[in-house]
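Scroll down for the structure; my scribbles are underneath it.
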Amino acid sequence: MQQQGYGNYSYSYIYGQDHYRKRRYITTSPKEIKHLGIAAALVIGIGYSMFLYYFGFGFWSSLAAALFAVFMTASFLIHEIAHKVMAQKAGLWAEFRLTTWGAILTFASVFLPFKMIAPGAMMIGGQLSNAKDMLKISIAGVITNMVLAVTFLGLTLTVPVTAFTLAFAFLAYINSFMALFNLIPFGILDGYKIFSLNKKVWAAAFIPALMLTIVTFFLI
């Protein structure tokens, strides 16, 4: 299988924003909701085209592709929101924003064999009081993808074999790959921050992410 760029999730820090007190509730804005809505529409398009590209057209495969697209988009949103929740709990400003080239490339890849999901990123601003909060923010997205991967793997192994089983297996692989990709200790990826802060935590996340990716790859 040709590797796709669907693990290219990231978030960025913007310094100089107002510092918020730690709180239990999560805030958003009309602008963030708009950007998330556009990003979700782009990811749905990629998910639908990706499934049909690999597994062909047909009545059941089209329905499975729709299911796959919805849950893949949910995986994308949950990953981003996990960063947001942990950042705002730490007292930081955090909102999702589209990026021009990311959105353009994501839209173009809907129609291309090579898929790239990078419509935007969670922008985070403020000052962290300790490294522990940064570690929580950085690893939050990875953990959500691993939990989703295990969930979809469980569905793959328990539901009757149909086109939907294939969709669940592919979702398990996608989430596993997302977690593994983001754990690469390089550049703006989560893995670089996690590795720099705590190598033991990085290894504890990287090893199961790698194992999940291998297992789910062979399922599809």
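From the alpha carbon centroid of the range 113-160 to that of the range 201-215 is 13 Å. Exposed loop sites here are trypsin sites (Lys or Arg not before Pro) assigned a DSSP state other than H, G, I, E or B and surrounded by at most 10 other beta carbons within 10 Å; excluding them, the longest clear run of the chain is 25-220. For the chain, with a Gaussian network of springs between Cα atoms less than 10 Å apart, report the residue from Ala172, Ala203, Ala94 with the top mean-square fluctuation. Maximum among the listed residues: Ala203. Placing dummy labels 7 Å off each Cα toward the beta-carbon, the span from Phe111 to Ser29 is 3.3 nm.
Expressed as a whole percent, the accessible surface of the range 61-220 that belongs to carbon and sulfur atoms is 80, based on a 1.4 Å probe.
Among the chymotrypsin sites (Phe, Trp or Tyr not before Pro) in the range 37-77, those placed in a DSSP loop whose Cβ has at most 16 other Cβ atoms within 10 Å are Phe57.
Sorted on the mean count of surrounding Cβ atoms within 10 Å across their residues, most packed first, peptides 177-188, 209-220 read 177-188, 209-220.
Cα convex hull, the chain: 120 Å³ per residue, rounded to a whole number. Spin-label model, Phe186/Ile207: points 7 Å from Cα along the beta carbon direction are separated by 2.3 nm. For the chain, the share of DSSP beta bridges that are antiparallel, to the nearest 5, is 55%.
Given R0 = 30 Å, the distance between the Cβ atoms of Phe217 and Gln127 translates into a calculated FRET efficiency of 0.15. Looking at the chain, the accessible area is 48 square angstrom per residue; that uses a 1.4 Å probe and ignores ligands, DNA and RNA. Helix 131-158: angle to the longest alpha-carbon principal axis of the chain, degrees 0 to 90, nearest 10? For 131-158 against the chain, the angle is about 20 degrees.
The values are calculated or read from the model by the stated rules, or taken from the named source; none is laboratory data. Remember, it's a predicted structure, so these values are computed and weren't measured experimentally. Glycine also receives a Cβ, built like all others from the backbone with ideal geometry; neighbour counts cover every protein chain displayed. Note: areas computed on protein heavy atoms with side chains; ligands, DNA, RNA excluded. Shrake-Rupley method; radii C 1.70, N 1.55, O 1.52, S 1.80 Å.
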